[in-house]
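The values are calculated or read from the model by the stated rules, or taken from the named source; none is laboratory data. On a predicted model such as this, the values are computed, not experimentally measured, just so you know. FYI the Cβ positions are ideal-geometry reconstructions off the backbone, even for glycines, and counts take in every protein chain you see.
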Amino acid sequence: MGKSSLLLKYLALCSGPEYAMLPVFFSVSTELSDYKRSAEGLLDTFTCALETSGSLESRLGSELQKWKLSRLSVGGVSFARQGTEPFLSSGTAILKHVLHDAWSQFIRPAQLNGVIFFLDDLHNFLCPSTEGIALTLRDQFQEFAVHGLNYSLCLSARDYFSEIRAFAEPAVRFYDKVDLASFTPAETQEYAAAVFGDSAPIHHVSEWLYGTTLGHPYFLAFVSRQLLTLAQGSLPDPELLWPLIFRHLEQEKFRSDLANVTEREAQLLRDAAASQNDEIGPSNLSNAHDRNDFKRLTEKALLLGVGRGRYKLYHPLFRAFLNQG
């Protein structure tokens, strides 16, 4: 299970009627150029969540339609028109105004306990900076709490806080981090038992899965799914199916990994795969490479930073693919 899958699991849990919460899922795109555009997109998604919520009875549903129709359009997003509103020129002002208004008009009358915003892939939002976005979100949601509005934030991101060197301590305390790590051998066996049940010798299959994937959640799920599909009820030795599974992995995963890299970056990856060393730096490769290429490939999660100026490919299976030539 990857970070996005885990976020969706959390969303499904909080959707239960016993919690009386409104979940709002928003996927952060690299096309969002600033905080204002992200606020506009988030509010569009929030409005859709309100419209489809079973907690909004017919009377409140009618009020929501009136609220939408009476909104004043400003900069691509709309606001409830209750008297003269200030000119809302920033993402912070937009969210503050609309979410305060929605709390009193819809959230509380619907007897909802609150709203949880699930922001997926926050690392895609780089403007103005990782630190700037983290601090802005902290300030925004703390302001809601001060006024008794239960708006919560749950986000997924790739190595989000590791690059923030001068992150203020209060901001660090605001976020509770859950780091996703690879499965251990014991966890892999538990996973295999849940997936394959009695259709396979679990100890052998889990050992093979762990040796092949090193417990990487994505590869573990992909390979297990392929085994189930190809086995058709009776699982043979998984090693016999591995060549076919690896071809599927190449088509569905690795080729998409390379779809957004430049030829210069692709050559760096091939050189890293051909190196005799697991960890590499600019001085370890036969061809000269710009240090910025290492940084960009780290941002694309194809290289992992393992120390100052030291990198490695994100998984041995990716190395095997690159070495196929």
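Scanning the stretch 186-227 for residues being within 23 Å of Pro316 (Cβ to Cβ), surrounded by fewer than 17 Cβ atoms within 10 Å (Cβ to Cβ) and aliphatic (A, V, I, L, M) gives a total of 3. Can you confirm whether the stretch 9-25 contains a residue that is at pLDDT 85 or above, over 25 Å from the mean Cα position of the chain (by Cα) and among the hydroxyl-bearing types (Ser, Thr, Tyr)? The answer is no, given that none of the residues of the stretch 9-25 is at pLDDT 85 or above, over 25 Å from the mean Cα position of the chain (by Cα) and among the hydroxyl-bearing types (Ser, Thr, Tyr). If the condition is being small (Gly, Ala, Ser) and surrounded by 12 or more Cβ atoms within 10 Å (Cβ to Cβ), then the stretch 228-275 contributes Ala231, Ala266, Ala272, Ala273, Ala274, Ser275.
Would you mind stating whether Ser286 is in contact with an Asp or Glu (Cβ under 7 Å, 6 or more places away or on another chain) and surrounded by fewer than 18 Cβ atoms within 10 Å (Cβ to Cβ)? Reasoning before the result, please.
Details: in contact with an Asp or Glu (Cβ under 7 Å, 6 or more places away or on another chain): yes; surrounded by fewer than 18 Cβ atoms within 10 Å (Cβ to Cβ): yes.
So Ser286 passes the test.
Sub-9 Å Cβ pairs linking a first residue in the stretch 194-223 that is touching a residue at least 60 places away in the same chain (Cβ under 8 Å) to a second residue that is hydroxyl-bearing (Ser, Thr, Tyr) and not in a helix (DSSP H, G or I), at least 6 apart or interchain, are Thr213/Ser182; Leu214/Ser182; His216/Ser182; His216/Tyr314; Pro217/Ser182, ordered by first then second residue.
Only one of Phe125, Phe118, Phe106 is closer than 23 Å to Cys14 by Cα and at pLDDT below 90. Can you tell me which?
Just a single option satisfies the conditions, and that option is Phe106.
Selection of the stretch 16-33 for residues being in contact with a helix residue (DSSP H, G or I) (Cβ under 7 Å, 6 or more places away or on another chain) and farther than 16 Å from Ile116 by Cα yields Ser29, Thr30, Leu32. Could you please let me know if Phe222 is in the same structural domain as Phe318 (by TED's automatic domain parsing) and either on the phi < 0 side of the Ramachandran plot or part of a helix (DSSP H, G or I) (or both)? Against the criterion (in the same structural domain as Phe318 (by TED's automatic domain parsing) and either on the phi < 0 side of the Ramachandran plot or part of a helix (DSSP H, G or I) (or both)), Phe222 does not qualify. The set of residues from the stretch 102-114 being surrounded by fewer than 17 Cβ atoms within 10 Å (Cβ to Cβ) and farther than 16 Å from Leu153 by Cβ comprises Ser104, Arg108, Pro109, Gln111.
Residues that are in a helix (DSSP H, G or I) and under 16 Å from Gly211 (Cβ atoms) were ranked within the stretch 227-242; the one that is nearest to the chain's Cα centre (by Cα) is Leu227.
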